[in-house]
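The values are calculated or read from the model by the stated rules, or taken from the named source; none is laboratory data. It should be emphasised that the depicted structure is a prediction, and the values quoted were computed from it without experimental measurement. Note: ideal-geometry Cβ built from the backbone for every residue, glycine included; neighbour counts use all protein chains shown. For accessibility, only protein heavy atoms count, side chains too; no ligands or nucleic acids. Shrake-Rupley method; radii C 1.70, N 1.55, O 1.52, S 1.80 Å.
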Amino acid sequence: MGRDVEHMVFSREDRHRFRDKTRRCLDALAQMLRESQFDFDRPLTGMEIELNLVDGRGEPANVNEQVLDLVADRAFQTEMGQFNIEINVPPREIGGTGLVSFEETVRASLNAADERARSGDAQLVMIGILPTLMPRHVSIESMSRNPRYALLNDQIFAARGEDMALSIQGVERLSTYTDSITPEAACTSFQLHLQVSPAEFAQYWNAAQAIAGVQLALAANSPYLFGTELWRETRIPLFEQATDTRPEELKEQGVRPRVWFGERWITSVFDLFEENTRYFPALLPICEDADPIEQLGRGEVPKLDELSLHNGTIYRWNRPIYAVVEGRPHLRVENRVLPAGPTVVDAMANAAFYYGVVRTLAEHERPVWSQMSFSAAEENFHSGARDGLDASIYWPGLGPVPAAELVLRRLLPLAHEGLNTWGVDPDLRDRLLGIIEARCVTGTTGASWQVDTVRSLGGDRIGALHEMLRRYVENMHANEPVHTWERHS
């Protein structure tokens, strides 16, 4: 959501007014798009990393408020669970050595935060789902105290009208119920932002959708939930289910989920905001006094508060972002596909691959999305999440192909080309994309390392998960790519 709100009760009038204000925001956005009022001359990229907090035993530690006080850095903020925090990395250009700057900033910030957290008997873990997390850790009592989370929880369950079912069939099967959205806090991600022009937004969003399945196959790092081995990137089905406002009857009717891959390629950013307004009732119908049409008439730049707030409660895996910075509006594609970890350098390699491939595909004369159906992209998305590098991914001209083979044969050259277009330093380009290549050659991701380590340890699953996490944290701090990690017991 990205916004603090007070806990409140909403009336029918609130909902009616919010719908009207959202439509006025849409009208204002349409006018702004026609008049090309957006900042895109020097496109910037940004990153967000969600982190887990654990105690000395590797158990989730509900101490985010204390840790934030110790860290005393405005770049860090709370997330939904008391065992989560998030770092927002200041935006910059990725040309030249920009990705090195990101890497150095993130490492320095995380190391400093971890040192201070340890003084409060906690430490940071960068991972898709904390493997030691159990059902007892995700009760509503573990939700962060910020009122916006309790309000969102109340609204989702009011819309749903019943407890939330979590049912995931993977290597093993998980089936349970929850009476809060706190299990969503188990999903810790690495989010990439890319500022684009209105004219190019559709191409970049479509390109990001087309490669989302490959991103998951390459970066999978969430094989365990509640002690159960499920998907290679279990974060995907968990997040889809943990915030679902639909009871079974509405699912059967085809009502769209709020965690959504989408249903079609787009021709404009307006398509996504319009879908949000047309398909999804407001969860947080909070209105501001400003009228966006009147603001435009006075030559002011509207913040489109209602449209942005509503957009923050619809969890597209590639989400459109409208923002106003220093009086100038801009548009971003927010890529929400990737899990956190395993290391900062692995995360930077994932970012380099994404930024490189998406640029080449977005600017290609014959777009890849004109050669494949949207449903094929969605199937790739879930295949990559379920099977990691073993996934079969459909690609135009190749048909179904193993994910690692697709990356090595077709996508890595596109990533090189895209990073060259961005002006990325060649040595940096080769170092980061070399990590992606080595993952494919060795078949190693964070998820496969976790599973292989737990299996090699044998014995009690819970004990093995704790020991695996201890080794994971050691390797995470060494910042050597995951494909180089030792696997022996």
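Table for the structure above
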read-out	value
Some residue of region 45-52 being among the β-branched types (Val, Ile, Thr), closer than 30 Å to SER142 by Cβ and modelled with pLDDT of 85 or more	yes
Qualifying helices (runs of 4 or more DSSP H) (wholly inside region 417-489; at least 2 residues being among the basic types (Lys, Arg) and touching a His at 6+ places or on another chain (Cβ under 7 Å))	426-442
GLY463, sole failed condition from (1) open to solvent by 20 Å² or more (accessible area, probe 1.4 Å); (2) within 26 Å of the chain's Cα centre (by Cα)	(2)
GLU274 vs. criteria within 19 Å of TRP317 (Cα to Cα) and in contact with a Ser or Thr (Cβ under 6 Å, 6 or more places away or on another chain)	no
Residue within region 131-146 that is surrounded by fewer than 19 Cβ atoms within 10 Å (Cβ to Cβ), more than 30 Å from GLY423 (Cβ to Cβ), touching a Leu at 6+ places or on another chain (Cβ under 6 Å) and touching a residue at least 40 places away in the same chain (Cβ under 8 Å) present	no
When residues of region 91-110 are limited to those that are open to solvent by 70 Å² or more (accessible area, probe 1.4 Å) and touching a residue at least 24 places away in the same chain (Cβ under 8 Å), the one nearest to the chain's Cα centre (by Cα)	PRO91
Residue list for region 296-309, filter: open to solvent by 10 Å² or more (accessible area, probe 1.4 Å) and out of contact with any strand residue (DSSP E or B) (no Cβ under 8 Å at 6 or more places or on another chain)	LEU296, GLY297, ARG298, GLY299, GLU300, ASP305
Number of the condition not met by ARG118 [criteria: (1) basic (Lys, Arg); (2) under 27 Å from GLU467 (Cα atoms); (3) in contact with a helix residue (DSSP H, G or I) (Cβ under 8 Å, 6 or more places away or on another chain)]	(3)
Elements of type strands (runs of 3 or more DSSP E) contained in region 139-218, each with 3 or more residues being under 19 Å from the mean Cα position of the chain (by Cα)	189-196
Residue list for region 322-359, filter: hydroxyl-bearing (Ser, Thr, Tyr) and open to solvent by less than 10 Å² (accessible area, probe 1.4 Å)	THR343, TYR354, TYR355
Test set (1) more than 27 Å from VAL345 (Cβ to Cβ); (2) of a type in the set (Phe, Trp, Tyr); (3) open to solvent by less than 10 Å² (accessible area, probe 1.4 Å) - PHE40 fails condition number	(3)
